[in-house]
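Worksheet: one structure, shown below.
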Amino acid sequence: MTLVRRIARPLLAANFVISGLDAYRHPAGRAKLAAPFIEKVAPALGLPNDPELLVRANAATMVAAGSLFALGRLPRLSAVALAGALVPTTIAGHPFWQEQDPADKAKQRLQFLKNVGILGGLLLATVDTEGRPGLAWRAGRAAKDVKRSAELTGRDAARLAGAARREARHAAKAARREARLAAVTAHDKLT
């Protein structure tokens, strides 16, 4: 892992771990804030309509995935989990479009945009292969290798078939020669 990744991952994850721990310990305020959003979304997703339970589940996801991300363990998967936890948190927690007071609206918009910026960083982390080839490249490479191997096998088979045909022709010629020689020898003995 490069020095930049060693520094950047914990910096990005710290907010998730700290706010996730706080939300898990004290879910009531966030549950009240998230209740209208949860009432709309929970039935469609087949989730229980229990804001406190869902806030705690989201918080646990943030703590677990944030810890893994900070440690560099399963970084791409943990970044996806963090992004998935951040989206409902941002929509439910910072609905600036519903605020009437200009100062509150500006404050909520700033927090919303901060979370959108963090989401951008997480999306970049989901595609960071740390300089190693990604899964799509490896799959394409494997397909090319299989195709090349099949082509080479086909060529080898054609070459072997040609050699077998040549050997069969030579064997047939040799057999005809032997048959003629045997006939000549038999004829000479009779005469």
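The values are calculated or read from the model by the stated rules, or taken from the named source; none is laboratory data. Since the structure is predicted, the reported quantities are computational estimates derived from the model, not experimental observations. Note that each Cβ is placed from the backbone with ideal geometry, even for glycine, and that neighbours are counted across all protein chains shown. Ligands, DNA and RNA are excluded from the accessible area calculation, which covers all protein heavy atoms including side chains. Shrake-Rupley method; radii C 1.70, N 1.55, O 1.52, S 1.80 Å.
Modelled spin labels at Val87 and Ala150, positioned 7 Å past Cα toward Cβ, are 3.6 nm from each other.
Two decimals is fine: what is log10 I(q)/I(0) at q = 0.11, 0.19 Å⁻¹ for the chain, from a Debye sum with one equal scatterer on every Cα and no solvent? The Cα Debye sum returns log10 ratios of -0.68, -1.25.
Set the Cα radius of gyration of the range 1-93 against 2.2 N^0.38 Å, with N its number of residues, and you get 1.13. In this structure, Val41 and Ala106 have a Cβ-Cβ separation that, at R0 = 35 Å, corresponds to a calculated FRET efficiency of about 0.85. Placing a label point 7 Å from the Cα of Arg176 along the Cα-to-Cβ direction, none of the residues of the range 125-167 has a backbone N under 11 Å of that point. Dividing the convex hull volume of the alpha-carbon atoms in the range 41-87 by its residue count gives 67 Å³ per residue.
Ligands, DNA and RNA are left out, and with a 1.4 angstrom probe the accessible area of the range 52-170 is 65 Å² per residue. The alpha-carbon atoms of the range 115-185, seen along their principal axes, cover 101, 15, 7 angstrom, with the largest extent given first. Kirkwood Rh over Cα pairs of the range 70-173 into Stokes-Einstein at 10 °C, 1.306 mPa s: D in µm²/s? Value of D from the Cα-based Kirkwood radius: 83 µm²/s. Fully extending the segment from Leu53 to Lys114, taken as 0.36 nm per residue of separation minus the present Cα-Cα distance, adds 19.4 nm. In sequence order, the range 174-191 has phi-based couplings of 4, 5, 5, 4, 4, 5, 5, 4, 5, 5, 5, 4, 5, 5, 5, 5, 6, 9 Hz under the Karplus curve 6.51 cos²θ - 1.76 cosθ + 1.60, θ = phi - 60°, and Gly or Pro positions carry x. What a 1.4 Å probe finds exposed on the range 44-191 is 64% carbon and sulfur by accessible area, rounded to a whole percent.
Extents of the range 60-110, taken as max minus min of Cα coordinates on every principal axis and listed largest first, are 43, 16, 15 Å.
Volume of the convex hull of the range 1-48 (Cα atoms only), normalised per residue: 117 Å³. Phi angles across the range 83-96 convert, under the Karplus curve 6.51 cos²θ - 1.76 cosθ + 1.60 with θ = phi - 60°, into 3J(HN,Hα) values of 4, x, 7, 6, 4, x, 4, 5, 5, 6, x, 9, x, 4 Hz, Gly and Pro given as x.
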